[in-house]
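What follows is a short report on a single structure.
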Amino acid sequence: MAVPTSGTLSLKAIAQEALYGTYGSGTITNPIHLYDLVNGGNSAGSGNSYPTVNTGCTPNPANRVYSPVTVSNVSLTQTVYTTTNPSTSLSIGDILYAQVAGGGYVPYNGGGGFIYNSAGDTFFGCPNPGGQYPGGDGEPFVSVNSSGAITSASCYNEP
């Protein structure tokens with residue numbers, strides 16, 4: 001869902017959209033600071049830590065580029081997106097996003113899996129650049145928290 005373009009807006013509902021991608025539903029802990037909604041985190045004192053979506057704002061990037069990567073686990077293979085250029089860098093703490101209807105992006109909360117892309121970029125220093133057989137020797141395996149942040153990565157080696 002997205003923030004409506006007409007009608008009365010609610011800061012709480014905007015916070016729900018930022019945190020869950022569901023305008024008007026989801027648990028929010030007060031207070032809500034607009035600074036944190038725009039810049040991410042909770043450095044202004046918000047009760048929740050919001051995802052960083054406006055990095056490098058001057059004031060807000062109109063040219064944000066989302067690059068596709070694939071996350072694959074036992075039950076699902078899904079294209080997700082990152083604002084980090086995956087051919088040059090992908091690090092712990094980077095946020096992965098899922099695309100939603102209408103073309104917007106929300107933090108990916110699928111838990112993680114093997115990560116690769118069709119360009120064959122090497123992630124996290126793993127020797128196998130992937131792109132063909134997720135789960136093979138040297139393939140990077142990442143864990144992702146509910147805010148879409150990569151929390152850990154390791155190179156998988158088959159037993």
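The values are calculated or read from the model by the stated rules, or taken from the named source; none is laboratory data. The structure presented is a predicted model; accordingly, all values stated were derived computationally and were not measured. All Cβ positions, even for glycine, are placed from backbone atoms using ideal geometry, and neighbour counts span all protein chains on display.
From the residues in segment 76-90 that are farther than 20 Å from Leu37 by Cβ and surrounded by 16 or more Cβ atoms within 10 Å (Cβ to Cβ), which one is modelled with the lowest pLDDT?
The extreme case among them is Pro86.
Pairs please, first residue from segment 8-31 and small (Gly, Ala, Ser), second anywhere and in a loop (DSSP other than H, G, I, E, B), Cβ atoms under 6 Å, 6+ apart in sequence or on different chains.
That search, which allows pairs on different chains as well, returns Ala13/Tyr23; Ala13/Gly24; Ala15/Ile28; Ala15/Ile32.
Name the pairs whose Cβ atoms lie under 6 Å apart, with the first residue in segment 66-93 and farther than 18 Å from Thr151 by Cα and in the same structural domain as Phe124 (by TED's automatic domain parsing), the second modelled with pLDDT of 80 or more and among the aliphatic types (A, V, I, L, M), and 6 or more positions between them or separate chains?
Hits for this filter: Gln78/Val71.
Yes/no matrix, rows are residues, columns are (1) modelled with pLDDT of 80 or more; (2) of a type in the set (Ser, Thr, Tyr); (3) part of a loop (DSSP other than H, G, I, E, B):
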{"position": "Cys57", "(1), (2), (3)": "no, no, yes"}
{"position": "Asn63", "(1), (2), (3)": "no, no, yes"}
{"position": "Val74", "(1), (2), (3)": "no, no, yes"}
{"position": "Ile92", "(1), (2), (3)": "yes, no, yes"}
{"position": "Gly113", "(1), (2), (3)": "yes, no, no"}
{"position": "Asp121", "(1), (2), (3)": "no, no, yes"}
{"position": "Asn128", "(1), (2), (3)": "no, no, yes"}
{"position": "Pro134", "(1), (2), (3)": "no, no, yes"}
{"position": "Ser146", "(1), (2), (3)": "yes, yes, yes"}
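Counting just the residues of segment 15-39 that are at pLDDT below 90 and among the aliphatic types (A, V, I, L, M), which one comes out farthest from Ser146 (Cα to Cα)?
Leu34
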